[in-house]
Amino acid sequence: MKNILLGVMLLLAMASFAQPDTAKWVRAFPVTDYMVDISDSIRLVQVELPEGTSFKEKQLGLLKGIYRDAQQDTGTIGYGRCHLIKGHYYYFTINHKQSGRKPKAEDLLYTMMDSKPVYNGAITKLASHFIGLQEVGGSALYDRYQVFLAWTKTDENNVIDSIVSDINYTGSYFLQSDAAMNQQIKSGRFAGKGVLDVMMATGKDEVFKFLEYMAIKPNLYAGHEWKVAEIFATWLVSGAPAVIKE
C-alpha cells in the first residue's frame with residue numbers, strides 16, 4: 001500500500017508541471033461510462049484506447065475529476081491498477097475510499113506512458129492533460145492521441161499559426177458584426193483595451209503565453225475540447241494571467 005501511495009504522489013506531482021524532453025510521459029485518458037462497483041470503496045472503470053496506444057497489465061493510474069460545475073470537481077478521486085485487458089479496452093479498479101467520490105464518465109485517468117521521441121512543445125503539454133483545441137468552425141487543431149506518436153516542430157508551428165489566424169479572424173468578425181461585444185478589459189497587461197481589438201492584434205508570443213498558462217494551470221481545461229478563440233477571449237478578460245518564470 002505504501003508503494004502504491006508513493007507512486008500516486010509521484011504521478012500527481014509530475015502531472016502538475018510541464019514535462020521535460022523524455023520518452024516517458026504522464027498522460028490523462030478519459031474513462032467511459034462503463035463502471036461496476038466491486039465494493040463500497042472500489043469501482044471498476046474502463047478506458048478505451050485507439051490503435052497504437054496501450055496500457056500494461058498492473059499499470060498504476062490516478063483518477064481525477066474534470067471541471068463540470070465547480071472547481072472541486074477537479075480533485076483526486078482515487079487510484080488503482082489495470083487488472084483486465086480486452087482488445088482496446090482496459091479496466092482499472094479505482095479505490096475511492098479516501099476521497100469519498102465515486103468515479104464518473106469522462107473523469108481522467110493519469111498514468112505513466114512510453115512515448116516516441118516526439119517534439120516536446122506547447123501542444124504535447126496540453127494533450128498530456130487531454131486538452132483539445134478547435135478552430136471557430138469546430139474542427140480539431142490536433143489529435144490528442146496522435147501527437148504522442150508523431151509530432152514535429154513543423155507540426156507545432158503549423159498549429160500555432162492556425163491558432164493565431166483563428167483568433168485574429170474571430171476578433172475581426174465579431175468587431176464588424178457586433179461592436180458591443182468589444183468588452184473592455186479591466187485588469188492585467190491589456191487593461192483599458194477592447195478584447196476584440198487585442199484579439200485582432202494577437203501574435204505568436206501571446207498565444208504561447210496563453211498555452212503555457214493552460215498547461216501549468218490545467219484543472220479548468222483538462223479533459224475538454226475548446227474553441228480556442230473563445231477561451232483565449234476569456235483569458236484576456238480575466239487579465240491574461242501568465243506563468244511567472246524565476
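Values computed for the structure shown
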{"item": "Of all residues making up the range 121-165, the number that are over 16 Å from MET214 (Cα atoms), out of contact with any Ser or Thr (no Cβ under 8 Å at 6 or more places or on another chain) and crowded, with 23+ Cβ neighbours inside 10 Å", "result": "0"}
{"item": "Helices (runs of 4 or more DSSP H) wholly inside the range 151-246 containing at least 2 residues that are within 21 Å of the chain's Cα centre (by Cα) and at negative phi", "result": "153-177, 204-216, 228-237"}
{"item": "Residue within the range 22-34 that is in contact with a Leu (Cβ under 9 Å, 6 or more places away or on another chain), in a loop (DSSP other than H, G, I, E, B), exposed (fewer than 12 other Cβ atoms within 10 Å of the Cβ) and at pLDDT 95 or above present", "result": "no"}
{"item": "Some residue of the range 36-56 being part of a loop (DSSP other than H, G, I, E, B), in contact with an Asp or Glu (Cβ under 8 Å, 6 or more places away or on another chain) and touching a residue at least 40 places away in the same chain (Cβ under 8 Å)", "result": "no"}
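For every residue, the table says whether it meets (1) more than 18 Å from MET35 (Cα to Cα); (2) in contact with a His (Cβ under 8 Å, 6 or more places away or on another chain); (3) modelled with pLDDT under 95.
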| site | (1), (2), (3) |
| --- | --- |
| LEU63 | no, yes, no |
| ALA70 | yes, no, yes |
| TYR79 | no, no, no |
| LEU84 | no, no, no |
| HIS88 | no, no, no |
| TYR91 | no, yes, no |
| HIS96 | no, no, no |
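The values are calculated or read from the model by the stated rules, or taken from the named source; none is laboratory data. Note that the coordinates shown come from a computational prediction; the quantities given were computed from them, not determined experimentally. With ideal geometry, Cβ positions are generated from the backbone for all residues, glycine too; neighbour counts draw on all protein chains shown.
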